[in-house]
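Please treat every number below as a calculation from the coordinates, not as lab data. Quick caveat: nothing in here was measured; it's all calculated off a predicted structure. When we count neighbours, we look across all protein chains shown, and the Cβ atoms used for this are built from the backbone with ideal geometry, even at glycine.
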Amino acid sequence: MVNPYYAKTDIGPPYFWDMLPEIIKNNYGKWLYHEHVKPGVLKHVGEAGELYTVRVGSPRLLSIDTLRWFADIADKYCDGHLRFTSRHNVEFLLTDPSKIDALIEEVEAAGWPVGGTGKSLKNLIHTQGWIHCHSAATDASGTVKAVMDDLYEYFKKDDLPAKLKISMACCLNMCGAVHCSDIAFVGVHRKIPRVQEGLANTCEIPNVVASCPTGAISPNPKEKSVIINEEKCMYCGNCFSVCPSLPIADPENDGIAVFVGGKVSNTRSGPAFSKLVIPFIPNEPPRWEKLVVAIRNLVEIWVKDAKKGERYGEWIERIGWEKFFEKANLPFTDKHIDDFIFSVPTFRTTTQFKFTNNK
Amino acid sequence: MTEKKRPLLDELKKGKWPSFVTEIEKSAAKKPSAEALLDLVERSYKENRVHWKHGGIVGVRGYGGGVIGRYCDLPEEFPHLAEFHTIRVNQPSGWFYTSDALRTLCNIWEKHGSGLTNMHGATGDAILLGTTTEHLQDCFNDLSDAGFDLGGSGSNLRTPSACVGPARCEYACFDTLDLCHHITNAYQDELHRPMWPYKFKIKISGCPNDCTASIARADLSIIGTWRDAIQVNQEAVKEYVDNGFDVKAVQRACPTKCISFDAEKKELNIDNENCTRCMHCINEMPKALRIGKEKGATILLGGKATIVQSAFLGWVIKPFIKLDKEDGYQELHDLLEKIWAWWDEHAKVRERIGELIYRKGMASFLKAVDLEPAPQMVKHPRENPYFFWYPEDFAAEKEVKEAGKQVAGTEVAE
Ligand code: HEM
Ligand code: HEM
Ligand code: SF4
Ligand code: SF4
Ligand code: SF4
Ligand code: SF4
């Protein structure tokens, strides 16, 4: 290459202060309170004036054409300022409340939903799936699109018992950490990795052996390869993460598992993991009908039965997991009982429980 | 014509939620790689399987991370996707942009990539999705010249992220955005040049609502809190009552039952010594209740997703830390660097800090990083009698005895 140019490294991210609108600079650290004006619209009141936020849901995967259009909207209504949220929403920041309705009208006319504030369904956070990752057991964007189309109304309203956070990850690596969500669905494999020839050329055998959480992998020195013990492998795919010669994707048998009842905020009962309720739903591209029905069922039983203010897991804590399975009309199987390393503390060690229909 | 070409993806253009297929199509109008992506994903939809290979090591000069190599497993059929790498761009704290800054990113990505982005990825970075090895350096050059830098990937410090904090939230107990910007800049080397056993994630939330979900997905969580009393504005309480707001419901949901409410006087009081600062009452009555005045943060360590040994939620290692802009957050720096040194020395390859502590025990961890054990660190004390004694314990005992005093912990009330 002739005269290569290497730009400066380690300059760090752009300084956030330069990105803030005047109203935020003036109120920085001086906010007094906020109100929910209507679904999708927040009003923050500070010592130096009021700020209105219009929250717009996005599929996260955005073309630069759309980003430029967002920038135009920000110029037109918000003096050129906007922000994104950790759940893939776009937020337009206004000082003039008389512009709110016009902004909403314009973005909604273009197909962008306003909502996701207060006691609503939040935007679904998700990962790459078939769009960009080698590890995926299901698609991310497609499953999310199908589920959000179906639950659209809950994003647009804010009269749920509490906020509802649904997350998805396309393999057990769980980029985006879905394991503490009200409802989480995760791509899963169900067959052991296939050991390919020439493994030792691509992978360090000791690393591969060490990667397995259940000790299912042992070296096979004769073949310069490894052996996977079918009885110990629970298809987590971690060995594939460290070694490409152990593909685990399987079109026939991959699918989705559903977990519920997690949360991260410290409010009331504190953070909690989501727990397995549906071990397997097959992949059904393009619209994942069974998944969509299953998630809607999970949402609706909560909406119907939870008391005001109860997050998904708080509701189940109150009624008990045995009642949950009854209300959700879901079978309880051997898959639901933990047999990994921290299993015993999850067993019921009291005679206090509720009898249910089937048990 | 596209109707016939991609019947499965076309199904995902239907429905009310904005469609990712439509987004890719917008880019496909200009970019052959985006067009090819539609075909590849259609193929995945038909075959129920992914068509990407394991990433390779690609990058830009001077950096060991920030780019995720990605190669299609059908390069002959999809030459435009033979290389389709991701560039992680470090977001401004709080994900605030001016429209011009956003356009600058778009222009650079139009020049060098597929025109597709994720705004934003789960670690917080702006994700530029899909370019070739050849474009990486030029793309970085343009980014850097425009004031952007890469985020982290690989076994290094991942891009720290922060909640909106004082920019738009009355609950912020410290300046989350400033701290995030400060830490990111202070540890550019750790962020850009993988040299650790595995990844390390820092997330910063201004209050216990933890809007960055740091407890669940950061190795180190910094969560704002306060030590004194919730500030009550009794006038505003009265207003809530007069507007028909159910204060009793808030009282019932308080996990520590430390709210008292006099319905006649319309007065609410909090037994602050017993309040665990769960935020519930403040969230419900933001006009009447405010966080306290003596503010700082709680530090938690060890959070991670399931792979490998099970998921962990972060646990308390420092109940309260002052976060002083003036002294450059020195106390936090000292703690972080001690943690990294211990982890770097003892961890196996791909062992997260939480897993290392699980393997080695909290006692050795606390000693190594000079933290005093505190009851705030556990839900309850140990239930088994399997604890260790160390030479230094006996030495300390001896010293106390020789001084003619009682051994700590053996005092008995007369
Ligand atoms: C051991 C566990 C993990 C492994 C092996 C892993 C691996 C990967 C891989 C291979 C990708 C590339 C996807 C692509 O080609 O675009 C990726 C993307 C990503 N991962 Fe992970 N990941 C793990 C856990 C996590 C967790 C827990 C988080 C977040 C808290 C996370 C955050 C991300 C982010 C931000 C991306 C970029 C795109 C996105 O947001 O989906 N990862 N990860
Ligand atoms: C404008 C300032 C904000 C306020 C006043 C606010 C308020 C709250 C409240 C009240 C909670 C606790 C809810 C509960 O009772 O469980 C919460 C939690 C949370 N908020 Fe915010 N929020 C703000 C901004 C945001 C933003 C911009 C995001 C990103 C999209 C966000 C994401 C979250 C997350 C992830 C949680 C954790 C809740 C969980 O999963 O359990 N928040 N926030
Ligand atoms: S969750 Fe798994 S498949 Fe999905 S992006 Fe992360 S590593 Fe890839
Ligand atoms: S998939 Fe998981 S459990 Fe199975 S062999 Fe690989 S690492 Fe072990
Ligand atoms: S974590 Fe607390 S301070 Fe930060 S945005 Fe959420 S509610 Fe506000
Ligand atoms: S913050 Fe939580 S624990 Fe404290 S008084 Fe309010 S509801 Fe009770």
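May I ask for the Kirkwood hydrodynamic radius of the protein assembly as shown, worked out over all distinct Cα pairs and given in angstroms to one decimal?
That comes to 27.4 Å for the protein assembly as shown.
Measuring from a point 7 Å past the Cα of A:Lys8 along Cα-to-C-beta, which residues in the range B:127-148 have an amide N at less than 16 Å?
Hits in the range B:127-148 for A:Lys8 at 16 Å: B:140-148.
Taking the Cα centre of the range A:229-287 as origin, work out the dipole magnitude from +1 charges on Lys and Arg Cβ and -1 charges on Asp and Glu Cβ, in debye rounded to 20.
560
Over the Cα atoms of the range A:219-359, how large are the radius of gyration and the largest Cα-Cα distance (Dmax), in Å?
Gyration radius and largest Cα-Cα distance of the range A:219-359: 19.0, 64 Å.
Placing unit charges on C-beta atoms (Lys and Arg positive, Asp and Glu negative, everything else neutral), compute the dipole magnitude of the range B:140-214 about its Cα centre in debye, rounded to 20.
Magnitude of the dipole: close to 340 debye.
Taking the range B:75-142, how much of its Cα-Cα pair set, in percent, is spaced more than 16 angstrom apart?
Within the range B:75-142, distances greater than 16 Å cover 47 percent of Cα pairs.
Enumerate the amide H contacts of A:Ala184 below 5 Å, restricted to partners 5 or more residues apart or on another chain; note that Pro and chain-start residues carry no placed amide H.
For A:Ala184, whose amide H was placed from the backbone, the distant partners under 5 Å are A:Ser167, A:Phe259, A:Val260.
Hey, what do the phi angles of the range A:205-210 turn into as Karplus ³J(HN,Hα) couplings, whole Hz, using 6.51/-1.76/1.60 and θ = phi - 60°, x for Gly and Pro?
Per residue, the Karplus-derived 3J(HN,Hα) values read 4, x, 5, 5, 4, 6 Hz.
How long is the range A:1-55 along each principal axis, judged by its Cα atoms, biggest number first, in Å?
For the range A:1-55, the Cα spread along each principal axis is 59, 24, 14 Å.
Within the range A:221-255, what residues put their amide N at less than 20 Å from the label point 7 Å along the Cα-to-Cβ vector of A:Glu197?
A:221-228, A:244-248
What per residue convex hull volume, in Å³, do the alpha-carbon atoms of the range B:77-212 yield?
Convex hull of Cα atoms, per residue: 122 Å³.
Thinking of the range B:31-112 as a set of Cα atoms, what percent of all their pairs are more than 19 Å apart?
52
Excluding same-chain residues fewer than 8 positions from A:Lys327, which lysines have a Cα within less than 22 Å of its Cα?
The reachable lysines, counting only those whose Cα sits under 22 Å from A:Lys327, are A:Lys163, A:Lys165, A:Lys263, A:Lys275, A:Lys290, A:Lys304, A:Lys307, A:Lys308, A:Lys335, A:Lys354, A:Lys359.
Can you report the principal axis dimensions of the range A:70-153 using only the alpha carbons, biggest first, rounded to whole angstrom?
47, 25, 22
Taking H placed 1.01 Å from N in the peptide plane, check which residues at least 5 places from B:His120 or on another chain put their amide H under 5 Å from its amide H.
Answer set, sorted by chain and number: A:His88.
From the convex hull of the Cα coordinates of the range A:1-123, what is the mean projected area in square nanometres?
With the hull built on Cα positions only, its mean projection is 10.2 nm².
Suppose R0 equals 45 Å. What FRET efficiency, 1/(1 + (r/R0)^6) with r the Cβ-Cβ distance, do B:Ala146 and A:Glu322 give to the nearest 0.05?
0.20
Let me know the volume per residue of the alpha-carbon convex hull for the range B:9-71, in Å³.
120
Volume per residue, Å³, of the convex hull around the alpha-carbon atoms of chain A?
Roughly 204 Å³ of hull volume per residue.
Only sites in a loop by DSSP and with at most 12 other Cβ atoms within 10 Å count here; which trypsin sites (Lys or Arg not before Pro) in the range A:32-96 make the cut?
none
Take every Cα pair under 8 Å in the range A:230-294 that's 6+ residues apart, average their separations, divide by the length, and report that relative contact order as a whole percent.
It comes to 24 percent, rounded to a whole number.
Enumerate the calculated ³J(HN,Hα) couplings along the range B:299-313 in order (Karplus 6.51 cos²θ - 1.76 cosθ + 1.60, θ = phi - 60°), each rounded to whole Hz, writing x wherever the residue is Gly or Pro.
Running phi through 6.51 cos²θ - 1.76 cosθ + 1.60 with θ = phi - 60° gives 9, 10, 9, x, x, 5, 7, 4, 4, 10, 7, 3, 6, 10, 8 Hz.
Can you tell me the dipole magnitude for chain B around its Cα centre, using point charges on the Cβ only (Lys, Arg +1; Asp, Glu -1), in Debye to the nearest 20?
1180
Report, by chain and number, residues whose modeled amide H sits under 5 Å from the one on A:Ile125, excluding near sequence neighbours (fewer than 5 apart, same chain).
Excluding prolines and chain starts, which carry no amide H, the hits are A:Ile166, A:Met168.
Pairwise over distinct Cα atoms, reciprocal of the mean inverse distance: report the Kirkwood radius of the range B:238-371 in Å, one decimal place.
Final number for the Kirkwood radius of the range B:238-371 is 18.2 Å.
Evaluate Rg over Rh across the range A:146-272, taking Cα atoms for both radii and Kirkwood's formula for Rh. Mind showing how you got there, number by number?
Values: Rg = 19.1 Å, Rh = 17.0 Å.
Ratio of gyration radius to Kirkwood radius: 1.12.
How many nm is it between the label spots at B:Lys325 and A:Phe355, if each spot is 7 Å from the Cα in line with the beta carbon?
Here the answer is 6.4 nm between the modelled labels.
Karplus couplings for the range B:39-50 from phi (6.51 cos²θ - 1.76 cosθ + 1.60, θ = phi - 60°), rounded to Hz, Gly and Pro as x?
5, 5, 5, 4, 5, 4, 5, 6, 9, 6, 8, 7
Separation of the range A:72-107 and the range A:179-232 by C-alpha centroid, Å?
For the range A:72-107 versus the range A:179-232, the Cα centre distance is 48 Å.
If the viscosity is 1.002 mPa s and the temperature 20 °C, what translational diffusion coefficient in µm²/s does Stokes-Einstein give for the range A:110-207 when Rh comes from Kirkwood over Cα pairs?
Rounded, D is 139 µm²/s.
How big is the range A:302-359 on each of its three principal axes, counting only the C-alpha atoms and giving the largest first in Å?
The principal-axis extents, from largest down, are 36, 24, 22 Å.
Just round it to a whole percent: the fraction of Cα-Cα distances in the range B:227-308 exceeding 14 Å.
Considering the range B:227-308, 65 percent of its Cα-Cα pairs are separated by more than 14 Å.
In deg cm²/dmol and to the nearest 500, what is the mean residue ellipticity at 222 nm of chain A if only DSSP H runs of at least 4 residues count, each as -39500 (n - 2.57), divided by the residue total?
The per-residue figure over chain A is -7500 deg cm²/dmol.
State the Cα centre-to-centre distance between the range B:237-276 and the range A:113-151 in whole Å.
38
How large is log10 I(q)/I(0) at q = 0.12, 0.13, 0.16 Å⁻¹ when the Debye formula is applied to the Cα atoms of the range A:44-203, each weighted equally and without solvent?
Cα-only, vacuum Debye calculation for the range A:44-203: -0.62, -0.70, -0.96.
What FRET efficiency do you get for B:Thr256 and B:Ile57 if R0 is 35 Å and r is their Cβ-Cβ distance, rounded to the nearest 0.05?
0.10
Based on C-alpha coordinates, I'd like the Rg and Dmax of chain B, in Å.
26.4, 94
What FRET efficiency would be calculated for the residue pair A:Val209, A:Lys76, taking the C-beta separation as r and a Förster radius of 51 Å, to the nearest 0.05?
0.30
Report, in deg cm²/dmol and to the nearest 500, the calculated mean residue ellipticity at 222 nm for chain B, where each DSSP H run with n ≥ 4 adds -39500 (n - 2.57) and the sum is divided by the residue count. Mind showing how you got there, number by number?
Numbers: 16 runs with 146 residues, N = 414.
When only DSSP H runs of four or more count, the value is -10000 deg cm²/dmol.
So what's Rg/Rh here for the range B:138-266, counting alpha carbon atoms and using the Kirkwood radius for Rh?
Working: Rg = 21.1 Å, Rh = 17.9 Å.
Rg divided by Rh gives 1.18.
Peptide B:35-45: average number of partner chain Cβ atoms within 10 Å per residue?
3
Please state, as a whole number in µm²/s, the translational diffusion coefficient that the Stokes-Einstein equation yields for the range A:197-291 at 4 °C and 1.567 mPa s, with Rh defined as the Kirkwood radius across alpha carbon pairs.
Estimated via Stokes-Einstein, D reaches 80 µm²/s.
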